[in-house]
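> Below is a structure I'd like to ask you about.
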Amino acid sequence: FLGKMIEVGGKYDWAGFFLASGSYAYYTNESDTSDSDAHSFQWKLRQSLTNTTAFQVRHDWFFAKGETSDFTTNTLSFWLSQWLPTKTAVHLEYRYHWDTTNLKSFSPGFEIDQYLSWATILKVRGRYYYGKPGNPEALQSLKGDHFESYAVSAILSYYLFAETNVSLKYRYYWSDQDIEMNTYLLALEHIL
């Protein structure tokens, strides 16, 4: 495979009270058997409602052109974030997705970030997902005409330096399709 990518974007930040950003990306893939290209666009608006509350909306659009068919997805996400005096940040999220295969889904979720010290953060996350495929081929692999899943996770992070942290993550996932799993992760992350 040979591929190329270009990405451009911009951001406007008014003293942290209002943030607007957008980006566009173009990708190509070339192989001996087929060629394809894709475009993606994202825009995000974030508005502080008070000194401790913010609201954000984001739209992601993706279009891929293949030799046999084209594919487009859209995802619209909303966040409401609240900072509490207990050094806790609470984030509520709602995401809605639709695409050209007639899949429609929504996913509400939450995240609670508790700052235990200047270097230690405990994050607890939860998510519910509901998807209803419109494609008959996708429905053949499902029990019923839709699928639902749930996930809860906890992440304990310790920052060695501003750009380096060690984290321990546990995640539990289950769905109505008889799938259940536990995931464990030990990570060392360094941002260059």
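> Quick one: accessible area per residue over region 1-144, 1.4 Å probe, rounded to a whole number of Å²?
Per residue, region 1-144 has an accessible area of 64 Å².
> Sticking with this one: If the cut-off is 19 Å between C-alpha atoms, which lysines fall inside it for Lys143, apart from same-chain ones fewer than 8 positions away?
Lys104, Lys132
> Can you give me the % of accessible surface on region 146-192 that is carbon or sulfur? Probe 1.4 Å, all protein chains present, nothing else counted.
65
> Specify the residue with the greatest mean-square fluctuation among Ala25, Ala119, Ala151, computed from a Gaussian network of the chain linking alpha-carbon atoms under 10 Å apart.
Ala119
> Just one of (i) 8, 22, 32, 29, 9, 1; (ii) 10, 32, 35, 20, 3, 0; (iii) 9, 30, 30, 19, 8, 3, 1, 0 is P(r) over Cα pairs in 10 Å bins from 0, in percent calculated from these coordinates, so which is it?
Of the labelled values, this structure produces (i).
> Hey, any idea what % of region 1-94's accessible area is carbon plus sulfur with a 1.4 Å probe?
Carbon-and-sulfur percentage of accessible area, whole number: 61.
> Here's a follow-up. May I ask you to list the lysines whose Cα is less than 28 Å away from that of Lys123, ignoring any residue fewer than eight positions away on the same chain?
Hits, sequence-local ones excluded: Lys11, Lys44, Lys87, Lys169.
> Nearest 0.05, what FRET efficiency do Ala15 and Val166 give at R0 = 30 Å with Cβ-Cβ as r?
Calculated transfer efficiency: 0.35.
> Where a Cα-Cα gap under 23 Å defines reach, which lysines qualify for Lys4, not counting those fewer than 8 residues away within the same chain?
Lys65
> Excluding the sites themselves, what is the longest stretch of the chain that contains no chymotrypsin sites (Phe, Trp or Tyr not before Pro) in a DSSP loop with at most 11 other C-beta atoms within 10 Å?
No qualifying site falls inside 2-117, the longest such stretch.
The values are calculated or read from the model by the stated rules, or taken from the named source; none is laboratory data. Since this is a predicted model, take the numbers as computed values, not measurements. Note that we place each Cβ from the backbone using ideal geometry, even for glycine, and neighbour counts take in every protein chain shown. Keep in mind that these areas ignore ligands, DNA and RNA; they rest on the heavy atoms of the full protein, side chains included. Shrake-Rupley method; radii C 1.70, N 1.55, O 1.52, S 1.80 Å.
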